[in-house]
Amino acid sequence: MQVKATVLQKDEVAPQVHKIRFFAPRIAKSAQPGQFVHIKCGEEQNYILRRPFSIHQANSSDSIEILFKVVGRGTSWLAKLKVKDSVDIIGPLGNGFSLKSRPGKIMLVAGGMGIAPLIFLADKLAKEHTKTYTVIGAANKELLLDYMNLKRLTRKITAATEDGSQGVKGLITDILPAAITEDHPDVIFACGPFSMLREVAFIARREDVDCQVALEELMACGVGACLACVVKTKTGFKRVCADGPVFDSREIEW
Amino acid sequence: MSRPDLAVEIAGIKLKNPVITASGTFGYGREYAEFIDLNRLGALVTKTITFQPRSGNPVPRICETPSGMLNSIGLQNNGAEAFAANDLPWLAQFDLPVIVSIGGDDIDQYCRVTKFISQVEGVSALEVNISCPNVKFGGLGFGRDPRMAADLVAKIRTCSTLPLIVKLSPNVGDIVAIAQAVVRAGAQAISLINTVLGMAVDIESKRPRLKSVVGGLSGPAIKPIALRMVWEVAKAIDVPVIGIGGIASAADALEFILAGAGAVAVGTAVFMDPQSPIKIIEGIEEYLTKNGYDKISDIVGALEIAE
Ligand SMILES: Cc1cc2nc3c(=O)[nH]c(=O)nc-3n(C[C@H](O)[C@H](O)[C@H](O)COP(=O)(O)OP(=O)(O)OC[C@H]3O[C@@H](n4cnc5c(N)ncnc54)[C@H](O)[C@@H]3O)c2cc1C
Ligand SMILES: Cc1cc2nc3c(=O)[nH]c(=O)nc-3n(C[C@H](O)[C@H](O)[C@H](O)COP(=O)(O)O)c2cc1C
């Protein structure tokens, strides 16, 4: 659906990282963790494409949140929004994380901004009393986003930072194998940069754990019509926007 | 006061209004049906179909550019058979002329897809996408050369009795010569323009932003080019022109209509606003009412040029 959503709250939660809560009851009611929204940034004709953002939270039934990093024109525009501003949003789009097989233990793996869709998921899992463990990585302590939320929502957090300011000094993929050995998850839900996800998929296969990954790709329509945002899978190109953004990691041609 | 008549006739098919969705930006309609009432559109042009399935190009396939975007999707589609089995029957529920865009690598492939599409239900017209590279001629686009374009269209004409629209590429020296050649070969309407060749570079990685290096530019950035071509071609031929290129508002559409377009197609604009075709229809109607015209045909080609 396409809605006009009013900004209810906006916070800069870390340097250049913002969280915005929009009043969007129709989207909030049907949103599933892993789905995304496609946001019109700017009023002028010179923004040709909407910008996609994971739904970071949609549990209040009338609002949704996004968590994003300022990286270019569209996100700079979003970062300047004020409470009461109105924004054109399409969503919820895509397929979220699949919980069909009712896994016993779940491991969330979040690299950098990859935490964005996983908070919504963690919240849902906590409500269902699923045992959830988190492995999180970022450049530094400040960018280990939503740490307190995760502490509340999941049983255990293992962290890595590139500068060693919190947790282990290194990459998330350095600490993942040990976390798997220790916590024995039935399934991994991962989001982060493509190179990280490739490594996570590889580790998951080696450790024989199911793994779902939320992918990003340059998008135009966001609804499955234009075939811009494809990813190579074992059965040919699939659309990240409409067939994903969450895929079984074994399906992807890494 | 009665409402103005927006109906137009293109290549012998009746459209309830002159606003069409362009090929490749609207899929086969399904994805947009939740956003707009497809019954309100003048017509829908499908993503280009080839006889055999095509997997398309590697990513990145798109890149946003000032007032536009580049794409090189590479004609990804599931082939004519899958289209006829899965998409055409679904489209049949709407009161909507379906124009099937067809492509190929050589004349034989164009003829095969033409014949196949011509014997299935639910097709109102064919739009021949002649921007495809002709692999038998070193990959030069069919649309680049009047002779090659005319030969292709003449051959397709013999394969089908469906109304025939030919979509031209703007990446040519003399667009009028090509339009005249394909009309002589049997085109009953001309769509123009397809995307303008372009490229973009990421200076940090020193790489082209599109994996295939070069792609097609679309969006408001190409509107003046498209408008100029539509004006030149509409004057020179006596079949209708479907104006395409950067149309995002009723005012844009009206510019094309005044310049001689009998209908318009909306492409890239639906990405930003799926409602844009509907807003354009409503805006055209408003313009006619405000200026006291009873019908759209009163303003087609009504451009006034001072002596
Ligand atoms: C399904 C999905 C979910 C996403 N969720 C989040 C999220 O929760 N938080 C977050 O910070 N970011 C997220 N992203 C990335 C986000 O869409 C980009 O950071 C954003 O589009 C950049 O826009 P810009 O105009 O600021 O950047 P520019 O670089 O100026 O953008 C230029 C063009 O490239 C596109 N683009 C640039 N980077 C990306 C990217 N990584 N992925 C897709 N398109 C990109 C833009 O949309 C735009 O069309 C997500 C991407 C996808 C595909
Ligand atoms: C993503 C994308 C895919 C396209 N695919 C096709 C196609 O399959 N066949 C075709 O004839 N034109 C295709 N086009 C061209 C459009 O139909 C249209 O001619 C062009 O984009 C200019 O119009 P616009 O500025 O309104 O988009 C495509 C354009 C885009 C942006």
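The values are calculated or read from the model by the stated rules, or taken from the named source; none is laboratory data. Not measured: the values here are computed from a predicted model. Using ideal geometry, Cβ is built from the backbone for each residue, glycine included, and neighbour counts are taken over all protein chains shown. Each accessible area value is taken on the protein alone, full model and side chains, heavy atoms only, with ligands, DNA and RNA left out. Shrake-Rupley method; radii C 1.70, N 1.55, O 1.52, S 1.80 Å.
Which residues' amide hydrogens lie under 5 Å from the amide hydrogen of residue A:57, considering only partners 5 or more residues apart or on another chain, with H built in the peptide plane?
Under 5 Å from the amide H of residue A:57 lie the amide H atoms of A:65, each far enough along the sequence or on another chain.
If you build a Gaussian network model of chain B, linking Cα atoms that sit under 10 Å apart, which residue out of B:265, B:33, B:185 swings the most?
B:33
For region B:38-53, in order, what is each residue's ³J(HN,Hα) by Karplus, 6.51 cos²θ - 1.76 cosθ + 1.60 with θ = phi - 60°, in whole Hz (x at glycine and Pro)?
Result, ordered by residue: 4, 4, 7, 6, x, 6, 10, 9, 6, 3, 4, 9, 10, 4, 8, x Hz.
Tally Lys and Arg at +1 and Asp and Glu at -1 over the other residues with C-beta under 13 Å from the C-beta of residue B:178: what net charge comes out?
On the way: positive: B:144, B:147, B:167, B:184; negative: B:145, B:151, B:174, B:232.
Combined, the nearby Lys, Arg, Asp and Glu give 0.
Take the solvent-accessible surface of the protein heavy atoms, probe 1.4 Å, and return the percent of it on the protein assembly as shown that carbon and sulfur atoms account for.
Numbers: 11790 of 23330 Å².
So the carbon and sulfur contribution to the accessible surface is 51 percent.
For region A:105-251, what does the convex hull of the Cα positions come to per residue, in cubic angstrom? Let's see the in-between values first.
Numbers: hull volume 15.8 nm³, N = 147.
Roughly 108 Å³ of hull volume per residue.
Might you tell me the accessible area per residue for chain B, computed with a 1.4 Å probe and given in Å²?
Details: 12560 Å² over 307 residues.
Accessible surface, normalised per residue, equals 41 Å².
Apply the Kirkwood formula to chain B: the hydrodynamic radius equals the inverse of the mean of 1/r over all pairs of different alpha-carbon atoms; give it in Å with one decimal. Intermediate values should be presented prior to the final figure.
Values: mean 1/r = 0.0517 Å⁻¹.
With all distinct Cα pairs of chain B included, I get 19.3 Å.
For residue A:140, which sequence-distant residues (separation of 5 or more, or a different chain) have an amide H within less than 5 Å of its own amide H, given hydrogens modelled in the peptide plane?
A:162
How many angstrom lie between the C-alpha centres of region A:154-184 and region B:217-276?
The distance from the Cα centre of region A:154-184 to that of region B:217-276 comes to 55 Å.
Evaluate the Kirkwood expression for the hydrodynamic radius of region A:2-93, namely the inverse of the mean inverse distance over all pairs of different C-alpha atoms, and round to one decimal in Å.
12.9
At the nearest 100 Å², what buried accessible area, both sides summed, do you get for B and A when the probe is 1.4 Å? Please report the intermediate quantities before stating the final value.
Working: alone 13800 and 12000 Å², together 23330 Å².
Its buried surface, counting both partners, is about 2500 Å².
Taking R0 as 41 Å, what FRET efficiency do you get between residue A:171 and residue B:92 from their Cβ-Cβ distance, rounded to the nearest 0.05?
Values: r = 53 Å, r/R0 = 1.30.
Efficiency for this residue pair is about 0.15.
At 1.4 Å probe radius, can you tell me the per residue accessible area of region A:105-251 in Å²?
Values: 5990 Å² over 147 residues.
Here the residues of region A:105-251 average 41 Å² of exposed surface.
Which of the residues in region A:212-226 lose at least 50 Å² of accessible area when you go from the chain alone to all protein chains together (probe 1.4 Å)?
When all protein chains are present, A:218, A:223, A:225, A:226 each give up 50 Å² or more of accessible surface.
For region A:136-146, take each phi angle, set θ = phi - 60°, evaluate the Karplus expression 6.51 cos²θ - 1.76 cosθ + 1.60, and give the result in whole Hz per residue in order, putting x for glycine and proline.
For region A:136-146, the Karplus curve yields 10, x, 7, 5, 8, 4, 4, 8, 6, 6, 6 Hz.
Calculate the mean, over all residues of peptide B:271-280, of how many other protein chain Cβ atoms lie within 10 angstrom of the residue's Cβ.
On the way: counts 13, 12, 5, 7, 2, 0, 0, 0, 0, 0.
Per-residue shielding by partner chains comes out at 4.
Which of A:40/A:82; A:232/B:47; A:80/B:279 have a Cα-Cα distance over 18 Å?
Numbers: A:40/A:82 15 Å; A:232/B:47 20 Å; A:80/B:279 28 Å.
In this structure, A:232/B:47; A:80/B:279 lie more than 18 Å apart at Cα.
Using a cut-off of 10 Å between beta-carbons, work out the net charge of the residues near residue B:62 (Lys and Arg +1, Asp and Glu -1, residue B:62 not included). All intermediate terms of the calculation are to be shown ahead of the outcome.
On the way: positive: B:61, B:209; negative: A:217, B:64.
Summing Lys/Arg as +1 and Asp/Glu as -1 gives 0.
Can you give me the angle between helix A:115-127 and the longest principal axis of chain A, using Cα atoms only, in degrees from 0 to 90, rounded to the nearest 10?
70
Find how many whole Å separate the alpha carbon centroid of region B:151-208 from the alpha carbon centroid of region A:214-247.
Between the Cα centres of region A:214-247 and region B:151-208 lies a distance of 28 Å.
To the nearest 20 debye, what charge dipole does the protein assembly as shown have about its Cα centre, counting +1 at the Cβ of each Lys and Arg and -1 at the Cβ of each Asp and Glu?
Values: 61 positive and 59 negative charges, 198 e Å.
Magnitude of the dipole: close to 940 debye.
Using a cut-off of 14 Å between beta-carbons, work out the net charge of the residues near residue A:132 (Lys and Arg +1, Asp and Glu -1, residue A:132 not included). Provide the component values of the computation, followed by the final result.
Values: positive: A:102, A:105, A:124, A:127, A:131, A:151, A:152, A:155, A:156; negative: A:123, A:128, A:146, A:183, A:186.
Local charge sum for residue A:132: +4.
State, in angstrom, two size descriptors of the protein assembly as shown derived from its alpha carbons: Rg to one decimal place and Dmax to the nearest whole number.
25.5, 85
Residues with amide H under 5 Å of residue A:190's amide H, sequence separation 5 or more or different chain, H placed in the peptide plane at 1.01 Å from N; which?
Excluding prolines and chain starts, which carry no amide H, the hits are A:109, A:212, A:213, A:214.
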